[in-house]
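Taking it in order: structure first as C-alpha cells, then the write-up.
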Amino acid sequence: MRVSGVGNIQAMEDRRVATAATRAQPREFEIFFRQEADGVYRALAATLRDRELAEEAAAEAMARTFEAWRRVRRYDNPAGWSYRVGLNWARSRLRRRDVARRLGPALPAETSEPFDGQLHAALLALDLDQRAVVVLRYLFDWSQ
C-alpha cells in the first residue's frame, strides 16, 4: 500500500472544495435570479420603452449572468452587470432592426404603454444612454 504525499492530499482537498463550490453556484444564482430578475426587466423596460424587447433582453442577460456567475457573483452589483448586458444586447437588436427597416418592409410599432404621459415624452426626447441613466438613477433609485 502506498501512502499519499502531502501534495496529493492538498490536490484532493482542492478538488473537494471546487466541487462543493460548483454545487453551491446554481443555488446562489437561483437566489440572485429570484431577487433581481424582475428589477432588471423593469429597468430595461423603462429604458427601452418596449416590453417585448425588454423581456428578451432580460432573459438573455440572465442567461449570460448564469454562464459567468463564478465571476459576476463577486461584483459589487451583479444586477447592474446583468442590466448592462441586457441593454447592450437590446442595442444590438435595435441596430439590426434599423438595418432591416432600411432594407425591407417596416416592422410593427412598439407596443409598450407609457406609465405617465409627460414622463414618457420626456424620456423619449433623450437618447438611449441618457434615458438609461435617468431610469436607473431616478425611477429605480440605483446608486451612481
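The values are calculated or read from the model by the stated rules, or taken from the named source; none is laboratory data. Quantities reported herein were computed from a predicted structural model and do not represent experimental measurements. Glycine also receives a Cβ, built like all others from the backbone with ideal geometry; neighbour counts cover every protein chain displayed. Remember, those area values only see protein heavy atoms, side chains included, never the ligands or the DNA or RNA. Shrake-Rupley method; radii C 1.70, N 1.55, O 1.52, S 1.80 Å.
Restricting attention to the stretch 74-87, the residues that are free of Cβ contacts under 8 Å to residues at least 60 places away in the same chain and surrounded by 14 or more Cβ atoms within 10 Å (Cβ to Cβ) add up to 9. Within the stretch 52-68, being surrounded by fewer than 17 Cβ atoms within 10 Å (Cβ to Cβ) and either within 8 Å of the chain's Cα centre (by Cα) or not acidic (Asp, Glu) (or both) holds for 59, 63, 66, 68. Listed by position, the helices (runs of 4 or more DSSP H) contained in the stretch 37-129 that have at least 1 residues being in contact with a helix residue (DSSP H, G or I) (Cβ under 7 Å, 6 or more places away or on another chain) and at pLDDT 95 or above are 51-67, 69-72, 78-103. For the stretch 1-36, the tally of residues that are at pLDDT 85 or above and either open to solvent by 50 Å² or more (accessible area, probe 1.4 Å) or touching an Asp or Glu at 6+ places or on another chain (Cβ under 6 Å) (or both) stands at 8.
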